[in-house]
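The values are calculated or read from the model by the stated rules, or taken from the named source; none is laboratory data. Since we're looking at a predicted model, the values are computed, not measured. Virtual Cβ from ideal backbone geometry, glycine too; neighbours counted across all protein chains shown. Areas reflect the complete protein model, heavy atoms only, side chains present, ligands, DNA and RNA absent. Shrake-Rupley method; radii C 1.70, N 1.55, O 1.52, S 1.80 Å.
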Amino acid sequence: MPVPIRRLVLALTLCCALLAGATTAYAGSETTDRDNAATSLVAAAEPSPSTSAEKQKFAKTRFVANAGLAAGATYQWIVKPWKAGKFKKGAHGRRVALIKAGVAGAFAYNRLKAALRNAKGDPTLSKAVAPLTAGVDALKDLPKKLRKGGGSTDSAAGSFNDIIGQVKDAGKSAGAEVKDKVPSADQLAGG
């Protein structure tokens, strides 16, 4: 046991010597160097003005990612169960399917809104997606309808499917092809 303590003391002594040497070397430098360094750090930290196009770097890529997640969630948890008849009264697992569809609907709405914001950063994409803004806004209340079930479930699922198809078509026409990407449970929970 005495050997490790000696090594610890030696290491501590060397560290203190290096620290003391560094502080005296810094204290001996001119104060103007410190002032210049502080000024340059403050100047580097200040944000520079940028255009709206610079604010939305990789607009098409971000659009494709967000729209792909919305499309994947819609297909996996809304369209597939809807086509399989899981939303009909008396269907086995209906309640769970409706809850999943409601969560997926809220997630898809959130990602579609983000995709529309991303599309504004690219001129071609913004023109192609602009007519879809009202359709995406109309989806706002549909996740609640999906969670509750009822007669409007089929129309809500159909609306999500139609809007996703329109977003995919608009992206493809602007050179940003959207492919379905099923989100993870963490992504769904995070919104």
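Going through 137, 180 one at a time, which residue ends up being more than 13 Å from residue 67 (Cα to Cα) and open to solvent by 10 Å² or more (accessible area, probe 1.4 Å)?
Numbers: 180 fails: more than 13 Å from residue 67 (Cα to Cα).
After ruling out the rest, the residue left standing is 137.
Would you confirm, using the coordinates I've provided, whether residue 155 is assigned to a helix (DSSP H, G or I) and more than 20 Å from the chain's Cα centre (by Cα)?
Values: assigned to a helix (DSSP H, G or I): yes; more than 20 Å from the chain's Cα centre (by Cα): yes.
For residue 155, the condition - assigned to a helix (DSSP H, G or I) and more than 20 Å from the chain's Cα centre (by Cα) - is met.
Out of 98, 146, 116, 132, report the one residue that is touching a residue at least 24 places away in the same chain (Cβ under 8 Å) and closer than 25 Å to residue 62 by Cα. Spell out how you get there, then give the answer.
Values: 98 fails: closer than 25 Å to residue 62 by Cα; 146 fails: closer than 25 Å to residue 62 by Cα; 116 fails: touching a residue at least 24 places away in the same chain (Cβ under 8 Å).
One residue alone meets the criteria, 132.
For segment 145-166, enumerate the residues that are open to solvent by 30 Å² or more (accessible area, probe 1.4 Å) and either of a type in the set (A, V, I, L, M, F, W, C) or more than 14 Å from residue 87 (Cα to Cα) (or both).
So the first thing to find is which residues in segment 145-166 are open to solvent by 30 Å² or more (accessible area, probe 1.4 Å), and the list is 145, 147-148, 150-152, 154-155, 159, 161-162, 166.
Once the filter is applied, which keeps residues that are open to solvent by 30 Å² or more (accessible area, probe 1.4 Å) and either of a type in the set (A, V, I, L, M, F, W, C) or more than 14 Å from residue 87 (Cα to Cα) (or both), segment 145-166 yields 159, 161, 162, 166.
Among the candidates 116, 142, 132, 98, single out the residue that is of a type outside the set (Gly, Ala, Ser) and under 19 Å from the mean Cα position of the chain (by Cα).
Answer to the check: 116.
Say whether the condition of being at pLDDT 90 or above, surrounded by 18 or more Cβ atoms within 10 Å (Cβ to Cβ) and not in a helix (DSSP H, G or I) is met by at least one residue in segment 82-89.
For segment 82-89, residues at pLDDT 90 or above, surrounded by 18 or more Cβ atoms within 10 Å (Cβ to Cβ) and not in a helix (DSSP H, G or I): present.
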